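Worksheet: one structure, shown below.
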Amino acid sequence: MAQLVTAAEYAAIADKITLPTQAFIDGKFVRAVSGKTFQTSNPATGQVLTEISACDVRDVDVAVAKAKAAFEDGRWHRQSPGQRKAVLLKFADLLEENAHELAVMESLDSGKPIHECQNTDIPETIHTIRWHAELIDKIYDSTAPVGSAALSLVVREPIGVVGLVLPWNFPLLMLAWKIGPSLAAGCSIVVKPAKETTLTALRVAELAHQAGVPAGVFNVLPGGGKEVGEPLGMHMDVSMVSFTGSTATGRLFLKYAAESNLKRIVLECGGKNPAVVLKDVEDIDAVAQHVVNGAFWNMGENCSASSRLIVHADIKDELLARIGVHMRDWKMGDPLDPEHRIGSLVSEAHFQKVRSYIEHADAERLNVTFGGGTKGESFVEPTVVDGVPPESRLFREEIFGPILSVTTFTDIDEAIALANDSVYGLAASVYTSHLNRAIRLSREIRAGVVTVNCFGEGDITTPFGGYKESGFGGRDKSIWAHDQYTEIKTIWIDVPSTAN
């Protein structure tokens, strides 16, 4: 795997990089039918990076038609499992060969620190593709116990043309979470990247085609939600949409499915995730490290971020002191400098939204213990706000920025009630040295992922998704993700008895 290089070397890569500018349909880059384009900018500097084709419903119709033709003639899903596996493994190799380029492209387009792009996003993207590739020839179909008069086969078949609608916070990794299982299952795909972060999806599609994914199987349409996302959701030839993003937009895809062909919808939406710290923790410094990582990784632009610290009143002050120490390691600045752990927020509009919560904390006379400052129109310091009551917006709303709210409790029942006091249920973290308490909290907190004495999301083998308004219809990652891109078919074969 490519290792981190210096800030100067990353800057040199950025200067020489060739950015994709057109939609990718049927194995080639093409202009939008309308000829329209939109600008994509580096949020850290405001510099325009390039102009990208702005697709609309006409491009959706073209891409879906090409994807449907590819699916119906079987150029991908009728290849043997071993053949598709070999192509996806070659695809992963090409991603690895271009790791520096992809990391820089991702950082330029999103404001993400190159440290995170190179050390986390790129390796995990490659690992995800390889894992699902290896799964292709290791998933067995089954038979049912129907007796000797019949033979019943239960088989998986690819669902068809799939729309994959991506968020802007992890452009590469969320792409991998969706294309890994959908391509492994044999589907044809039409990807709609977030308008803010389009570049890497286009480059990845080009590399997939170079690896041997046939034309028409992997298509990418840049553009807005109304222009591309809604037509995908409404299209009668799209059999499924997998969406990651806001709960409000996720609701729209359920509406689109109801108003069109009842396509399958899988949603991974928002989160307001608690980190519950009991007073029996043995290593409070380690807890502080996990809480800081959970709250500020990727500038808090993370649906599973630990945005609510729910801590026993007896240890709050000690924990906050240790959190302050570890926050010193999270330097803010130029995302292409690997010394920086905090980059820019994705856009000026999002910056204004996040900053409004700091202003709200001031208006509520809450205690901004650490941070609270901003720089320019895109940088927000890691911020800790103490004394946040459950009725506060900071406790209830998904901020999607580097702001940690702190609320105290005095007994475990109160801690559970506070953790579950949310319309969301994506992730949670529990910190305790008592096994029975760890088990109780893990079972009673209503979330799709609960980690104990650490922050995380499991790994590629574990499903990821949420309860309540955090998710619908399925899970990303793991074998469960592979299954959701398939239909289950029963084949019943009559076996007449043999006459004597």
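The values are calculated or read from the model by the stated rules, or taken from the named source; none is laboratory data. This structure is a prediction, so every number in the text was calculated from the model and none was measured. Counting neighbours? That spans all protein chains shown, and the Cβs are built from the backbone with ideal geometry, glycine included. Note: accessible area is taken over every heavy atom of the protein model, side chains too, but ligands, DNA and RNA are not part of it. Shrake-Rupley method; radii C 1.70, N 1.55, O 1.52, S 1.80 Å.
Based on the Kirkwood radius over alpha-carbon pairs, what is the Stokes-Einstein translational diffusion coefficient of region 414-500 at 25 °C with 0.890 mPa s viscosity, in µm²/s? This corresponds to a translational diffusion coefficient of 157 µm²/s.
Measuring nothing but how far apart in sequence close Cα pairs (under 8 Å, 6+ apart) lie, relative to its length, region 296-399 scores a relative contact order of 22 percent. Taken about its Cα centre, region 291-428 carries a charge dipole of roughly 220 debye when the Cβ of each Lys and Arg holds +1 and the Cβ of each Asp and Glu holds -1. Rolling a 1.4 angstrom probe over the protein heavy atoms with all chains in place gives region 223-358 an accessible area of 35 Å² per residue.
On the basis of the beta-carbon distance and an R0 of 25 Å, K138 and E72 show a calculated FRET efficiency of 0.40. Taking only alpha carbon atoms, region 8-98 gives an Rg to Rh ratio of 1.08, where Rh is the Kirkwood radius. Stretching the chain fully between E377 and E157 yields a gain of 74.3 nm (0.36 nm per residue, less the alpha carbon separation). A simple rule links phi to the HN-Hα coupling: the Karplus curve 6.51 cos²θ - 1.76 cosθ + 1.60 with θ = phi - 60°, which for region 458-474 gives x, 9, 5, 7, 10, x, 10, x, x, 8, 6, 7, 8, x, 7, x, x Hz, with x for Gly and Pro. Accessible area per residue was computed with a 1.4 Å probe on protein heavy atoms; T6 scores about 70 Å². For the pair D411 and V5, the difference between a 0.36 nm per residue extended length and the Cα-Cα distance amounts to 141.4 nm. Each of S347, S152, L221 was placed along the dipole of the chain (beta-carbon charges, centred on the mean Cα), and the one lying farthest toward the positive end is S152. Computed extension length for R328-A149: 57.3 nm, one decimal, from 0.36 nm per residue of separation with the Cα-Cα distance subtracted. The alpha carbons of region 69-156 stretch over 63, 28, 20 Å along the principal axes, in descending order. Over region 153-216, the Kirkwood radius and the radius of gyration, each from Cα atoms, give a ratio Rg/Rh of 1.01.
The mean sequence distance of close C-alpha pairs (under 8 Å, at least 6 residues apart), as a share of the length of region 352-422, puts its relative contact order at 26 percent.
According to the Cα-based calculation, Rg over Rh for region 296-449 is 0.97, with Rh computed by the Kirkwood formula. How tilted is helix 284-296 with respect to the longest principal axis of the chain? Cα atoms for both, answer in degrees (0 to 90, nearest 10). Roughly 60 degrees, rounded to the nearest 10.
Taking every alpha-carbon pair within region 242-372, the share separated by more than 19 Å comes to 62 percent. Against the criterion of solvent-accessible heavy-atom surface with a 1.4 angstrom probe, S347, S429 sort, most first, into S347, S429.
The sum of -39500 (n - 2.57) across all DSSP H runs of n ≥ 4, divided by the residue count of the chain, sets its helix-only mean residue ellipticity at 222 nm to -11500 deg cm²/dmol. Here's how it looks for A23: its modeled amide H is under 5 Å from those of V30, A32, S53, which are all 5 or more places away or on a different chain. What part of the accessible area of region 387-500, given as a whole %, is carbon or sulfur when the probe is 1.4 angstrom? Carbon-and-sulfur percentage of accessible area, whole number: 53. When restricted to Cα atoms, the chain yields an Rg and a Dmax of 23.6, 91 Å, respectively.
To the nearest ten degrees, helix 81-97 and the longest principal axis of the Cα atoms of the chain are 40 degrees apart. Here the spin labels are modelled as points 7 Å beyond Cα on the Cα-Cβ line, and at D459 and D314 they lie 3.6 nm apart. Only protein heavy atoms count here; under a 1.4 Å probe, S110 has an accessible surface of about 0 Å². Only lysine pairs 8 or more places apart or on separate chains count here, and in region 1-139 those with Cα atoms under 25 Å apart total 14. Relative contact order for the chain: 18 percent, from Cα pairs under 8 Å spaced at least 6 residues apart, divided by residue count. Restricted to Cα atoms, region 1-158 shows a radius of gyration and a Dmax of 21.1, 73 angstrom.
Region 222-261 has equivalent-ellipsoid semi-axes of 15, 12, 9 Å, by the square roots of 5 times the alpha carbon gyration tensor eigenvalues, sorted largest first. Only protein heavy atoms count here; under a 1.4 Å probe, L89 has an accessible surface of about 50 Å².
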